[in-house]
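Take a look at the structure set out below.
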Amino acid sequence: MLAAVTKSPGVMMIDDLAEPEPPGPQDVIIRPEVVGICGSDLHVYSGDIGALSGARSFFPRVQGHEFSAVVEEAGEGCPDGLERGARVAVWPLHTCGHCYPCRAGRANACVSLELVGIHRDGGLQERLPVPASQVFGVGDLDSEPAAFIEPMSIAVHALGRAGIAAGQQVVILGAGPIGLATALAATAAGCRVMATDPLPARRDLALKVGAEDVAWGSDGDLLGAVHAWTGGEGPPTVIDTTGDPAALAQATRMVSSAGRVVVVGMSAAAAPLRPGVFPEKEIDVVGSSCATAADFRAGVRLVRAHRGSVAALFSHRFPLTRAREAIECVADPAAGAVKVLISLGGGEQ
Ligand SMILES: [Zn+2]
Ligand SMILES: [Zn+2]
């Protein structure tokens, strides 16, 4: 079976791998259909492991952690709904079950977290065994939007960390795929959203998925736009999806007193911050990592309900044999990529 294997930083090749063994109890063999590529994949591909939680050596690795698949074969004891041919999305987390975050019910922040497609082999191959507990049926959803459930679950988790309420104003820094998913999910939850991004095409997409307003400009311009939108108070919630260390300082300046900043974007770089702003405004600054199974289930519901808006985010499509070009497309600012998809071309059963 074919697989795109990242052999070492910057080196991805199409290989012929052995088929997986028949599934063990509670495991399923799945056939990936569509794989989304994101910034985390770029970090792995380029060997920039410092930017990823739980930095370990990744190579060689079959990448792909955002994907739809169909069940090929279910092992003994798998729950109903996972019969051959059922379309699923994969919640990619493996957790240890006994560290503090796992014991505290926050396994998404497990200290030994392993993600399918990052720490373990993922969706860029024609067959793959996964525990049945990690696959979620998506009903009649097509394979492309089903590949966006994983990024949507990241947005759901970030909004949970934000503690949003209907009617609340939320500013989202960055209108890449995670920022756009967050804008969609926040709007669906009844929030009013403003998104910021330097790229006009991304600002247009933010409006398309439900943002009420968008802005870009110098630091001062942005602060002015956000404060004008919130009647001078600043928003109670700012969600940083950029991965730009400068955005954290910007978020702490924007957010209202007693507000909350959620950091989703990942970066290995240091952030220039004035810590005095925390007590002065009594703000919370919290991180958001991956997503729980419950977030993933909410992601399935959101993508099913908003499949048309989600489809507008798919900018480029490549076959598996051109997986390397897909990753390079995400890396190339001139390509204007939003969500890049790799199709494994298996079609319906
Ligand atoms: Zn991702
Ligand atoms: Zn753990």
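The values are calculated or read from the model by the stated rules, or taken from the named source; none is laboratory data. Keep in mind the model is a prediction, meaning the values are calculated, not measured. When we count neighbours, we look across all protein chains shown, and the Cβ atoms used for this are built from the backbone with ideal geometry, even at glycine.
Screening residue 153 with (1) assigned to a loop (DSSP other than H, G, I, E, B); (2) within 16 Å of ligand 1 (Cβ to nearest atom); (3) modelled with pLDDT of 95 or more; (4) not aromatic (Phe, Trp, Tyr) gives one miss only, at (1). Quick one: residue 167 ticks every box in (1) assigned to a loop (DSSP other than H, G, I, E, B); (2) more than 29 Å from residue 194 (Cβ to Cβ); (3) more than 16 Å from ligand 1 (Cβ to nearest atom) bar one, so which box is it? So the condition that residue 167 fails would be (2). Report yes if some residue within the stretch 54-64 is more than 25 Å from residue 268 (Cα to Cα) and either within 24 Å of the chain's Cα centre (by Cα) or basic (Lys, Arg) (or both); otherwise report no. Within the stretch 54-64, none of the residues are more than 25 Å from residue 268 (Cα to Cα) and either within 24 Å of the chain's Cα centre (by Cα) or basic (Lys, Arg) (or both). Restricted to the stretch 308-320, and to residues that are in a helix (DSSP H, G or I) and either surrounded by 17 or more Cβ atoms within 10 Å (Cβ to Cβ) or of a type in the set (Lys, Arg) (or both), which residue is nearest to the chain's Cα centre (by Cα)? Only one residue tops the list, namely 310.
For the stretch 120-146, the set of residues classified as more than 22 Å from residue 339 (Cα to Cα) and within 16 Å of ligand 1 (Cβ to nearest atom) consists of 120, 134, listed by residue number. The C-beta contact set for the stretch 64-83 (first residue surrounded by fewer than 24 Cβ atoms within 10 Å (Cβ to Cβ), second residue acidic (Asp, Glu), distance under 6 angstrom, 6+ apart or interchain) comprises 75/27.
Among the residues of the stretch 27-45, those that are at pLDDT below 95 and either of a type in the set (Val, Ile, Thr) or not in a helix (DSSP H, G or I) (or both) comprise 38, 44.
Which condition number in (1) away from ligand 1 (no atom under 16 Å from the Cβ); (2) surrounded by fewer than 22 Cβ atoms within 10 Å (Cβ to Cβ); (3) more than 16 Å from residue 6 (Cβ to Cβ) is the one that residue 47 fails? All conditions pass for residue 47, except number (3).
A single member of 89, 69 is within 14 Å of ligand 1 (Cβ to nearest atom) and in a strand (DSSP E or B), and it is 89. Taking the listed residues 331, 298, the one that is farther than 30 Å from residue 233 by Cβ and either touching a residue at least 40 places away in the same chain (Cβ under 8 Å) or among the small types (Gly, Ala, Ser) (or both) is 331, with no other qualifying. Among the criteria (1) out of contact with any Phe, Trp or Tyr (no Cβ under 7 Å at 6 or more places or on another chain); (2) closer than 20 Å to residue 325 by Cβ; (3) not hydroxyl-bearing (Ser, Thr, Tyr), the one residue 108 does not fulfil is (2).
Counted as qualifying within the stretch 195-294 are the strands (runs of 3 or more DSSP E) with 3 or more residues that are buried (at least 18 other Cβ atoms within 10 Å of the Cβ) and under 22 Å from the mean Cα position of the chain (by Cα), namely 237-240, 260-263. Among what's in the stretch 173-222 and is under 13 Å from residue 155 (Cα atoms) and of a type in the set (S, T, N, Q), pick the residue that is nearest to ligand 1 (Cβ to nearest atom). That would be 182.
Residue selection: residue 28 fails the criterion of being away from ligand 2 (no atom under 16 Å from the Cβ) and touching a Ser or Thr at 6+ places or on another chain (Cβ under 9 Å). The requirement of being of a type outside the set (Lys, Arg), part of a strand (DSSP E or B) and modelled with pLDDT of 95 or more is fulfilled nowhere in the stretch 321-339; no residue meets it.
So, residue 34, is that one closer than 21 Å to residue 264 by Cβ, under 24 Å from the mean Cα position of the chain (by Cα) and surrounded by 21 or more Cβ atoms within 10 Å (Cβ to Cβ) or not? Taking the combined requirement at face value, the residue does not satisfy it. Remark: pairs (first residue in the stretch 25-50, hydrophobic (A, V, I, L, M, F, W, C); second residue more than 16 Å from ligand 2 (Cβ to nearest atom) and assigned to a helix (DSSP H, G or I); Cβ separation under 6 Å; 6+ apart in sequence or on different chains) = 28/132; 34/143; 34/144; 37/326; 37/327; 37/330; 42/330; 42/331.
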